[in-house]
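The numbers here are math on the coordinates, done by the rules we state, and not lab data. On a predicted model such as this, the values are computed, not experimentally measured, just so you know. Every residue, glycine as well, gets a Cβ built from its backbone with ideal geometry; the counts of neighbours run over all protein chains shown.
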Amino acid sequence: MTERLDRIEAILLQLSERQDRFQVQLEQSTQQLSERQDRFQVQLEQSTQQLSERQDRFQVQLEQSTQQLSERQDRFQVQLEQSTQQLSERQDRFQVQLEQSTQQLSERQDRFQVQLEQSTQQLSERQDRFQVQLEQFNQQTRQLVQDTAGDLVSLLSTLASDLDALNANVNAYIAQSNAFLASEQRDRAEFRQQMVGLQTETRNILRELAQRRQSQNGDA
């Protein structure tokens, strides 16, 4: 019984010693933790101060950059408005010149059309008069041949040959006249086709200029 009590006392003594050592270690750890916490607090305050200073500098730089950007944007806006105004004025002048050129071209086309019709009319009248004169000449020639058929057989042969040659020349002249009229008609058709193409191109240019002006006004 006494031995058991001695062992229990020894165990209790060991536990007391261990508890004392643990208490000492706990106090040391608590002291170290407190010191570390103090150092961390100091570092945190320093970092917070540096971060605040950096943030202030960044704020100043940001305001300066914003001011510079605003000034550049204002200058760009002024330049853009000036360029748009100049472009609009050029477009208006081009529009006026284009309308004047189109008007002049239309007037020239009308005058050419009138001259062409007058020339065609005159040529047709000349051809009709020549045809009448030719028929009169042929009638007179045939009448003359009939009146002098008995005495002018050889002359009739000569006149017939001359008449054939004259008819050939007349036919050639008529063919040339018809070819000239056909050529004028082709030229007139080509001219009209060119005018239609020019008018179409003019409308396309005007439409493109109007679209550009609308696009520029929309961007502005």
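Some observations on this one:
- Residue exposure proxy: Phe40, Phe137, ordered by other Cβ atoms within 10 angstrom of their Cβ from fewest to most, comes out as Phe40, Phe137.
- Extending 7 Å from the Cα toward the beta-carbon at both Gln49 and Val96 defines two label points whose distance is 7.3 nm.
- Anisotropy class assigned to region 1-97 is prolate, per the alpha carbon gyration tensor with a/c at or over the 1.5 cut-off and a/b larger than b/c.
- Between helix 2-147 and the chain: long-axis angle, C-alpha atoms, 0 to 90°, nearest 10: 0
- Phe76 versus Arg213: modelled label distance in nm, points set 7 Å from Cα along the beta carbon direction: 2.7
- Computing semi-axes √(5λ) of the Cα gyration tensor in Å for the structure here picks out one of (1) 29, 23, 19; (2) 27, 24, 15; (3) 127, 28, 10, namely (3).
- Distance from the alpha carbon centroid of region 167-220 to that of region 1-56 works out to 106 angstrom.
- In nm, spacing of pseudo-spin labels at Phe130 and Ile174 (7 Å Cα→C-beta vector): 1.1
- Estimated FRET transfer efficiency when R0 is 25 angstrom, pair Leu69-Glu89 (beta carbons, to 0.05): 0.25
- Helix-only arithmetic for the chain: the sum of -39500 (n - 2.57) across DSSP H runs with n ≥ 4, divided by the residue total, places the mean residue ellipticity at 222 nm at -37500 deg cm²/dmol.
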